[in-house]
There are 2 protein chains.
Amino acid sequence: MPKYVFTYFDGRGRGEPARILFAAAGVPFEDRRLQQEEWPALKPKTPGGSLPILEVDGQPVSQSLVIFRHLARTFGLDGENLLDKAKVEEIVEYLIEFKNAGFKMMFAPKDEESQKKAKEELGSTFDKSCTRVENIMSANKSTDGWAVGKKMTFADILLFEAFETAVARDAAVLDKFPKIKACRAKVQALPKIKNYLSKRKETPF
Amino acid sequence: MPKYVFTYFDGRGRGEPARILFAAAGVPFEDRRLQQEEWPALKPKTPGGSLPILEVDGQPVSQSLVIFRHLARTFGLDGENLLDKAKVEEIVEYLIEFKNAGFKMMFAPKDEESQKKAKEELGSTFDKSCTRVENIMSANKSTDGWAVGKKMTFADILLFEAFETAVARDAAVLDKFPKIKACRAKVQALPKIKNYLSKRKETPF
């Protein structure tokens, strides 16, 4: 087993899916949580000037999605066959579109018009992303409730993670998307993930 | 071999890397090039309201990068081991950042200020993307000139494709990045790719 060091800020943000992947696989890693004031000194030493960074036996891997896919592949959570792997990645792309709209809203200028525009965009991206994911899940012939195929994959983990903030704000937000809702409950109920979540440091996002 | 139908507009844009992947692997596919006026009728029937779409024995796969990675994986062009696969994907992400800045420039409003801003962003993204890719290539211990490992991968194909328009406009644009330049020449000289390029329909982008 390689030695994993995962470096990100002290929050969920663009890093949390990696931590949940480690938890789901039961694989230990160093969870290096950077304070904002430590970042300027580290930034020029990173491959792309951004976080997260995963070090695998000292070798850096940058770009959040590359890191997630690397872990999913390593832990056998990337889908069972070629077409399933593509379906997993498709769901991930649509969820990331929603997550990106959320980050855009967070960093939008604070004036009323910019906030209103970002909020509308977030709402419409939420609907689009959920509809697309629900459609892909509906095409899944398995009746086990996982997003793709008969086993949990990274798609299910991101389904859980991408909507954490939205569901914390409004528990009914996913009621129109029953497959997504049921799948999130399945992920959350897995002993390893339940255990991780119960001990996780609480952060606002 | 599955039956592949690849649908995109009649240009390179966000579709061409898939066509080059098919050419590199010597795998036949239907190259369905849509005219703009055909798009409104097809759009609601696509999984994500966007092109390209790849059909694999009738099963649709959406999202350009998902399609490229699916083909790379299927054709064995995704890297030889777990860490190489991650490096290939990292290079791809940095190249896509540059491609995205190019699309942003293309669709920027035509007023002087917007054009100037988009052009500056494209220039700085070009420098950043190339520097990052050149750095990852420098860490590759192989001396064969491929971006990752000892074999051609999708990273090399995208290295070739992502800079086609830039190099056509200014042949010296990559002179500061000798590894990228040399790798592009290697890709271009491969008989299957040379043959594909010689027959390819010329489009402005």
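The values are calculated or read from the model by the stated rules, or taken from the named source; none is laboratory data. None of these values were measured; they are calculated from a predicted model. Glycine also receives a Cβ, built like all others from the backbone with ideal geometry; neighbour counts cover every protein chain displayed. Accessible surface areas use protein heavy atoms only, side chains included; no ligands, DNA or RNA. Shrake-Rupley method; radii C 1.70, N 1.55, O 1.52, S 1.80 Å.
Would you please classify the overall shape of the range B:7-128 from the alpha carbon gyration tensor, given that a ≥ b ≥ c denote the square roots of the eigenvalues, rounded means a/c under 1.5, and beyond that prolate means a/b larger than b/c while oblate covers the rest? Before the final figure, lay out the partial values.
On the way: a/c = 2.42, a/b = 1.19, b/c = 2.04.
Because a/c hits 1.5 or more and a/b fails to exceed b/c, the range B:7-128 counts as oblate.
Over the range A:82-189, with the other protein chains present, what is the accessible area per residue in square angstrom, probe 1.4 angstrom?
Details: 5370 Å² over 108 residues.
Here the per-residue accessible area is 50 Å².
Looking at chain B, identify the longest residue range that excludes and avoids all GluC sites (Glu not before Pro) in DSSP loops having at most 15 other Cβ atoms within 10 Å. Can you show the working numbers first?
On the way: sites that count: B:GLU80, B:GLU202.
Longest run free of exposed loop sites: B:81-201.
How large is ³J(HN,Hα) for each residue in the range B:142-152, as worked out from phi by the Karplus curve 6.51 cos²θ - 1.76 cosθ + 1.60 (θ = phi - 60°), to whole Hz, x for Gly and Pro?
5, 9, 7, x, 7, 5, 9, x, 9, 10, 5
Tell me the accessible surface of B:PHE126 in square angstrom (1.4 angstrom probe, heavy atoms of protein chains only), to the nearest ten.
Only protein atoms counted, so the area is about 20 Å².
Quick check on chain A: take the gyration tensor over C-alpha atoms, sort the square-rooted eigenvalues as a ≥ b ≥ c, and tell me if it's rounded (a/c under 1.5), prolate or oblate.
Working: a/c = 1.68, a/b = 1.09, b/c = 1.55.
Here chain A falls in the oblate category.
Quick one: if you take sqrt(5λ) for each eigenvalue of the C-alpha gyration tensor of the protein assembly as shown, what semi-axes come out, biggest first, whole angstrom? List each step's numbers first, then the result.
Details: eigenvalues 210, 130, 113 Å².
Ellipsoid semi-axes (Å, largest first): 32, 26, 24.
How far apart, in nm, are the 7 Å Cα→Cβ label points at A:LEU82 and B:LYS141?
Calculated label separation equals 3.1 nm.
Work out the FRET efficiency for A:ALA185 and A:GLN36 from their Cβ-Cβ distance, taking R0 = 41 Å, and round it to the nearest 0.05.
Numbers: r = 34 Å, r/R0 = 0.84.
In this case the efficiency is close to 0.75.
Compute the distance in nm between two label points, each set 7 Å from the Cα along the Cα-to-Cβ direction, one at A:SER124 and one at B:LYS43.
Rounded to a tenth, the inter-label distance reads 1.1 nm.
Percent relative contact order of chain B, based on C-alpha pairs within less than 8 angstrom and at least six residues apart?
Working: 248 pairs, mean separation 43.9, N = 205.
This gives 21 percent for chain B.
For B:LYS199, put the label point 7 Å out on the Cα→Cβ axis and report which residues of the range B:45-87 keep their amide N under 15 Å from it.
none
Exposed loop sites here are trypsin sites (Lys or Arg not before Pro) in DSSP loop states with at most 10 other C-beta atoms within 10 Å. What is the longest stretch of chain B lacking them? Can you show the working numbers first?
On the way: sites that count: B:LYS110, B:LYS141, B:LYS201.
In chain B, the maximal stretch lacking such sites is B:1-109.
Once you sort the root eigenvalues of the Cα gyration tensor of the range B:157-202 as a ≥ b ≥ c, which label holds: rounded (a/c under 1.5), prolate (a/b larger than b/c) or oblate (the other case)? Write down the numbers at each step before the final one.
Details: a/c = 2.49, a/b = 1.44, b/c = 1.73.
Oblate, since a/c reaches 1.5 and b/c is not below a/b.
When the accessible area of the range B:92-205 is computed with all protein chains present and a 1.4 Å probe, what percentage of it is carbon and sulfur? Don't jump to the answer; show the numbers that get you there.
Values: 3670 of 6480 Å².
Of all accessible area on the range B:92-205, carbon and sulfur atoms account for 57 percent.
Starting from 0.36 nm per residue, how many nanometres of slack lie between A:ARG169 and A:GLU113 once their C-alpha separation is accounted for?
Stretched out fully, the A:ARG169 to A:GLU113 stretch lengthens by 17.9 nm.
Using the Karplus curve 6.51 cos²θ - 1.76 cosθ + 1.60 with θ = phi - 60°, what ³J(HN,Hα) values do you get for each residue of the range B:14-25, in whole Hz, with x for Gly and Pro?
Values, residue by residue: 8, x, 4, x, 5, 4, 5, 4, 4, 4, 4, 7 Hz.
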